[in-house]
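Enquirer: The structure's right below; bear with me while I get my questions together.
The values are calculated or read from the model by the stated rules, or taken from the named source; none is laboratory data. Worth saying up front: this structure is predicted, and the values here are computed from it rather than measured. For neighbour counting, all protein chains shown are included, and Cβ atoms are generated from backbone atoms with ideal geometry for every residue, glycine included. Side chains are part of the model used for accessible areas, which takes the heavy atoms of the whole protein and leaves out ligands, DNA and RNA. Shrake-Rupley method; radii C 1.70, N 1.55, O 1.52, S 1.80 Å.
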Amino acid sequence: MNLKQLAGIEAAKFVKDGMIVGLGTGSTAYYMVEEIGRRMREEGLKITGVTTSNATKEQAETLGIPLKSIDEVTEVDLTIDGADEISQDFQGIKGGGAALLFEKIVATYSKQTIWIVDESKLVAKLGKFPLPVEVIPYGSQQLMRIFTKKGYNPVLRSTETGETLVTDGGHYIIDLHLDVIEDPESLATYLDQLVGVVEHGLFLSMVTKVIVGADGGVTVTDTPFQK
Ligand code: 5RP
């Protein structure tokens, strides 16, 4: 079993009967969704899923997981999602899979949020992983100029075939190559107030539990951000 699978399967153990579960996006979340599907089939587990991307929606539908949209529920009991980087103080970068906007919305309305990662995602400080910023296409080149002037080394994200990537929400993604983010709070505040920025991949003080798949086994850690 690979490390992502280990973390995904461990996280699925926290899913209980009757829960509304936020289903994350990415290669680690994939294993968690598969495991929930297996538990439903083999153990009779009953849940309702709220998906964070079209890709996860398709996977959940294939597995027969009943789904509701985020607007059809008052809140989500537990969201389980991957992450691109987690710092020692449990702050995160997400959006490598281009689903950060829906992921942040679902996490915001969740009572508990678990991140599942392999140990390569654990870092001392955030920033080696390019920070995704989701932007409105109209005026996106203006934001590129602003970020270039700031020294943020922005790159407009493309698909494998070279076209500009369009997110599930119909937006573009600008990846900021920052190397290190000394003050994630102030960067988040700056990005939040830029016209045309829809959301960014800094997920600060949002995660309640981190599950790490490592060569030595799986670790489960409660963060200080309990709700
Ligand atoms: C998608 C995400 C993913 O959770 C993140 O990119 C981690 O992905 P993976 O588990 O494939 O490494 O934020 O927007």
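Enquirer: Taking the range 209-227 as the search range and keeping residues that are closer than 21 Å to Thr108 by Cβ and within 16 Å of the ligand (Cβ to nearest atom), which one is most open to solvent (accessible area, probe 1.4 Å)?
Expert: Just the residues of the range 209-227 that are closer than 21 Å to Thr108 by Cβ, to begin with: 209-211, 222-227.
From what's left, within 16 Å of the ligand (Cβ to nearest atom): 209-211.
On the way: Lys209: 37, Val210: 5, Ile211: 0 Å².
Once the filter is applied, the top-ranked residue is Lys209.
Enquirer: Also, quick follow-up: Looking only at the range 171-186, which residues are without any contact (Cβ under 8 Å) to a residue 24 or more places away in the chain and of a type outside the set (D, E, K, R)?
Expert: Selection gives Ser186 alone.
Enquirer: Quick check, is Thr113 farther than 17 Å from Leu23 by Cβ and either touching a residue at least 40 places away in the same chain (Cβ under 8 Å) or not assigned by the TED database to the domain that holds Tyr31 (or both)? Let's see the steps before the verdict.
Expert: Details: farther than 17 Å from Leu23 by Cβ: no; either touching a residue at least 40 places away in the same chain (Cβ under 8 Å) or not assigned by the TED database to the domain that holds Tyr31 (or both): yes.
Considered against the rule, which asks whether it is farther than 17 Å from Leu23 by Cβ and either touching a residue at least 40 places away in the same chain (Cβ under 8 Å) or not assigned by the TED database to the domain that holds Tyr31 (or both), Thr113 comes out as no.
Enquirer: With respect to Tyr138, is the statement that it is aromatic (Phe, Trp, Tyr), open to solvent by less than 70 Å² (accessible area, probe 1.4 Å), modelled with pLDDT of 95 or more and assigned by the TED database to the domain that holds Leu176 true? Lay out the reasoning, then the answer.
Expert: Values: aromatic (Phe, Trp, Tyr): yes; open to solvent by less than 70 Å² (accessible area, probe 1.4 Å): no; modelled with pLDDT of 95 or more: yes; assigned by the TED database to the domain that holds Leu176: yes.
It is false that Tyr138 is aromatic (Phe, Trp, Tyr), open to solvent by less than 70 Å² (accessible area, probe 1.4 Å), modelled with pLDDT of 95 or more and assigned by the TED database to the domain that holds Leu176.
Enquirer: Would you mind stating whether Lys4 is part of a helix (DSSP H, G or I), open to solvent by 40 Å² or more (accessible area, probe 1.4 Å), touching a Phe, Trp or Tyr at 6+ places or on another chain (Cβ under 8 Å) and in contact (Cβ under 8 Å) with a residue 40 or more places away in the chain?
Expert: Values: part of a helix (DSSP H, G or I): yes; open to solvent by 40 Å² or more (accessible area, probe 1.4 Å): yes; touching a Phe, Trp or Tyr at 6+ places or on another chain (Cβ under 8 Å): yes; in contact (Cβ under 8 Å) with a residue 40 or more places away in the chain: yes.
Yes, satisfied.
Enquirer: Which count do you get for residues in the range 66-86 that are in contact (Cβ under 8 Å) with a residue 60 or more places away in the chain and surrounded by fewer than 17 Cβ atoms within 10 Å (Cβ to Cβ)?
Expert: Looking only at that region, the number is 0.
Enquirer: OK, next. What is the one condition in (1) surrounded by 15 or more Cβ atoms within 10 Å (Cβ to Cβ); (2) within 23 Å of Ile86 (Cβ to Cβ) that Ser120 does not satisfy?
Expert: Among (1) surrounded by 15 or more Cβ atoms within 10 Å (Cβ to Cβ); (2) within 23 Å of Ile86 (Cβ to Cβ), Ser120 violates only (1).
Enquirer: Only residues in the range 31-46 that are surrounded by fewer than 19 Cβ atoms within 10 Å (Cβ to Cβ) and at pLDDT below 95 count as the first member; pair them with residues that are β-branched (Val, Ile, Thr) and in a helix (DSSP H, G or I), Cβ under 8 angstrom, at least 6 apart or cross-chain, and list the lot.
Expert: From the range 31-46, no pairs qualify.
Enquirer: Can you name every residue in the range 136-182 that is at positive phi and touching a helix residue (DSSP H, G or I) at 6+ places or on another chain (Cβ under 9 Å)? Show your work before the answer.
Expert: Within the range 136-182, the first condition is being at positive phi, and the residues that meet it are 139, 151, 153, 162, 170, 179.
Hit for the range 136-182 is Asn153, nothing else.
Enquirer: Criterion first (under 30 Å from Lys4 (Cα atoms) and either surrounded by 12 or more Cβ atoms within 10 Å (Cβ to Cβ) or away from the ligand (no atom under 16 Å from the Cβ) (or both)) does Leu143 satisfy it?
Expert: In short, no.
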